[in-house]
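Here is the structure we will look at.
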Amino acid sequence: MVNNNILYLVIGVLLVAVGIFAYQRYEEAKKPQGLQITIGPNGASVESK
């Protein structure tokens with residue numbers, strides 16, 4: 001019985017880790033691609049993504 005609980009715990013931890021990894025990949029893919037031009041109080045800045 002204890003071995004089953006440990007197995008379920010390991011599977012649960014792996015599922016959470018995969019979920020976090022997938023979310024980070026999704027957030028990274030949402031970032032804009034190409035050039036980003038920002039005009040603010042310190043002047044203009046250009047960043048290449």
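Going through region 1-32 one residue at a time, which ones are within 27 Å of Ser48 (Cα to Cα), part of a helix (DSSP H, G or I) and modelled with pLDDT under 90?
Once the filter is applied, which keeps residues that are within 27 Å of Ser48 (Cα to Cα), part of a helix (DSSP H, G or I) and modelled with pLDDT under 90, region 1-32 yields Glu28, Ala29, Lys30.
Mind checking which pairs have a first residue in region 25-49 that is small (Gly, Ala, Ser) and a second that is at pLDDT 85 or above and surrounded by 10 or more Cβ atoms within 10 Å (Cβ to Cβ), Cβ under 6 Å, 6 or more apart or different chains?
Final answer for the pair search is Ser45/Thr38.
The values are calculated or read from the model by the stated rules, or taken from the named source; none is laboratory data. Since we're looking at a predicted model, the values are computed, not measured. Quick reminder, even Gly has a Cβ in these numbers, built from the backbone with ideal geometry, and neighbours come from all protein chains shown.
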